[in-house]
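Enquirer: Have a look at the structure that comes next, please.
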Amino acid sequence: MSDTFEPTNIIVTGGCGFIGSNFVHHVVNNHPGTHVTVLDKLTYAGNPENIAGLPEDRVELVVGDVCDEALLDRLVPGHDAIVHFAAESHNDNSIADPEPFVRTNVYGTYRLLEACRKFDVRCHHVSTDEVYGDLALDDPARFTEETPYRPSSPYSSTKASSDMLVRAWHRTYGVRATISNCSNNYGPYQHVEKFIPRQVTNVLCGTRPKLYGDGRNVRDWIHTEDHSSAVWAVLTRGRVGETYLIGADGERSNIDVLRAILTAMGRPEDAFDWVRDRPGHDRRYAIDPTKLRTELGWRPRHTDFAEGLAATIEWYRENEAWWRPAKEATEAKYAAQGQ
Ligand code: NAD
Ligand code: TDX
């Protein structure tokens with residue numbers, strides 16, 4: 001294990017999105033010596049409400065683009081680390097229009113790496129298990145840090161590209177970088193375009209949930225709070241130049257998750273519609289988190305999925321004003337795609 005790094009002044013890119021904002025809350029609640037500058041472009045997926053109410057002396061929001069070199073030249077000096085969450089993150093959007101994915105995920109990561117190189121700032125890059133492609137349902141294997149990259153969608157190929165840039169900037173220029181690749185997150189503040197919030201808010205709206213394909217695709221669910229604690233562990237105690245996989249042994253088929261939502265919300269298990277499958281739909285993701293657990297001693301706290309799901313459903317029930325403005329346009333887009 002490397003020496004512990006105690007950052008006092010970090011930039012969190014994408015800190016108004018789902019996982020980034022949960023990470024900002026985590027830092028404010030658990031690490032009182034750290035100030036956070038959120039850099040966020042406030043795309044359709046970014047909402048300043050996600051970090052509203054946090055103490056002004058702990059969190060500052062800078063609205064801007066990670067692709068903006070001049071802005072980074074002004075902002076980055078004086079910070080001791082960048083935690084890079086900002087991305088275009090939704091697979092279905094990447095299939096409809098890949099361009100913003102190439103721009104933000106690839107070019108944006110390049111710009112941040114150049115800023116880290118120029119100002120000698122530590123960088124932690126947040127990535128996804130989707131860079132490894134998919135596994136068959138009956139494959140005994142799970143992804144490890146040694147699994148070859150085999151991305152399938154425009155989204156995951158741009159995330160894979162950004163990981164490659166991070167590795168090259170570390171090896172060639174000595175940028176002090178780490179990478180984490182996490183599985184599917186759930187929890188509060190997730191956009192209604194994603195699977196769990198879409199189905200929960202459909203039920204709340206009196207609309208039937210929509211399941212792609214045969215519903216047997218498997219995702220490896222982790223509560224976003226556990227992702228936050230793992231990112232903090234890698235940022236502060238991870239070995240520079242290394243990659244860590246983040247997962248919490250949460251494999252579940254989509255149909256099982258949907259039935260759990262319907263049951264928890266008092267609806268019959270079959271009260272949903274089958275819809276057109278996602279083109280190129282990855283079958284199964286599964287993370288082996290042994291390195292993170294053994295090397296950094298990390299453990300997830302939210303190990304009861306039914307409990308985490310119930311709390312998430314409750315959050316959407318209580319925060320309709322947060323999700324309602326995005327719901328109609330999101331569903332119109334899906335309807336136009338036959339989904
Ligand atoms: P999200 O779409 O909810 O949030 C993305 C945030 O980035 C938004 O606030 C958006 O405004 C901001 N952003 C987008 N383009 C920007 C730009 N050019 N400059 C500055 N800000 C910009 O995404 P998320 O689900 O919170 O994912 C965050 C990160 O975690 C991504 O890098 C994603 O690849 C990764 N990840 C997500 C999951 C998951 O289950 N959602 C799992 C593993 C890894
Ligand atoms: O309405 C739906 N019906 C459905 O069956 C939606 C929106 C999704 N699905 C399926 C597709 C997937 O198998 O549910 C599963 C989860 O879908 P998403 O929420 O779109 O997530 P996924 O494509 O697995 O990617 C997510 O996890 C990895 C994040 O969006 C990525 O940013 C992250 O890298």
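Enquirer: Suppose we filter GLU145, GLU114, GLU130 for residues that are within 11 Å of ligand 2 (Cβ to nearest atom) and at pLDDT 95 or above; which single one remains?
Expert: GLU130
Enquirer: Provide a single number: the residues in segment 8-53 that are under 18 Å from CYS182 (Cα atoms), assigned to a helix (DSSP H, G or I) and away from ligand 2 (no atom under 16 Å from the Cβ).
Expert: The total comes to 2.
Enquirer: Oh, and also: Does ALA136 meet the test of being within 13 Å of ligand 1 (Cβ to nearest atom), of a type in the set (A, V, I, L, M) and at negative phi?
Expert: So ALA136 does not fit the description; no.
Enquirer: A further question on this structure: Can you list the helices (runs of 4 or more DSSP H) found entirely within segment 176-280 that contain at least 3 residues being under 24 Å from HIS26 (Cα atoms)?
Expert: 195-205, 224-237
Enquirer: Checking MET164 against (1) within 23 Å of PRO98 (Cα to Cα); (2) within 13 Å of ligand 2 (Cβ to nearest atom); (3) assigned to a helix (DSSP H, G or I), which single condition isn't satisfied?
Expert: Only one criterion is unmet by MET164, namely (2).
Enquirer: Could you tell me which residue of segment 100-111 is surrounded by the most Cβ atoms within 10 Å (Cβ to Cβ), considering only residues that are more than 17 Å from HIS170 (Cα to Cα) and within 15 Å of ligand 2 (Cβ to nearest atom)?
Expert: ASN105
Enquirer: Continuing with this model, one more query. Just the residues that are out of contact with any helix residue (DSSP H, G or I) (no Cβ under 6 Å at 6 or more places or on another chain) and within 16 Å of ligand 1 (Cβ to nearest atom), please, taken from segment 13-37.
Expert: Selection gives THR13, GLY17, PHE18, GLY20, HIS25, VAL27, THR37.
Enquirer: Pull up segment 122-141, narrow it to residues that are surrounded by 22 or more Cβ atoms within 10 Å (Cβ to Cβ) and farther than 30 Å from HIS79 by Cβ, then point me to the one that is nearest to the chain's Cα centre (by Cα).
Expert: TYR132
Enquirer: Does TRP323 meet the test of being in contact (Cβ under 8 Å) with a residue 40 or more places away in the chain, in contact with a Pro (Cβ under 6 Å, 6 or more places away or on another chain) and in a helix (DSSP H, G or I)?
Expert: Judged against the criteria, TRP323 is not a match.
Enquirer: I'd like the full set of residues that are more than 18 Å from GLN337 (Cβ to Cβ) and either away from ligand 1 (no atom under 13 Å from the Cβ) or among the charged types (D, E, K, R) (or both), limited to segment 189-200.
Expert: Result: VAL200, single match.
Enquirer: Okay, moving on. Out of all the residues in segment 91-109, is one or more within 12 Å of ligand 1 (Cβ to nearest atom), closer than 16 Å to THR13 by Cβ and among the charged types (D, E, K, R)?
Expert: yes
Enquirer: Any residue in segment 289-300 that is assigned to a helix (DSSP H, G or I), over 21 Å from the mean Cα position of the chain (by Cα) and among the small types (Gly, Ala, Ser)?
Expert: No, the conditions are met nowhere in segment 289-300.
Enquirer: Could you grab me the full set of residues in segment 181-211 that are within 22 Å of HIS227 (Cα to Cα) and of a type in the set (A, V, I, L, M, F, W, C)?
Expert: CYS182, VAL192, PHE195, ILE196, VAL200
The values are calculated or read from the model by the stated rules, or taken from the named source; none is laboratory data. Quick caveat: nothing in here was measured; it's all calculated off a predicted structure. As a convention, Cβ positions derive from the backbone with ideal geometry for all residues, glycine included, and neighbour counts pool all protein chains shown.
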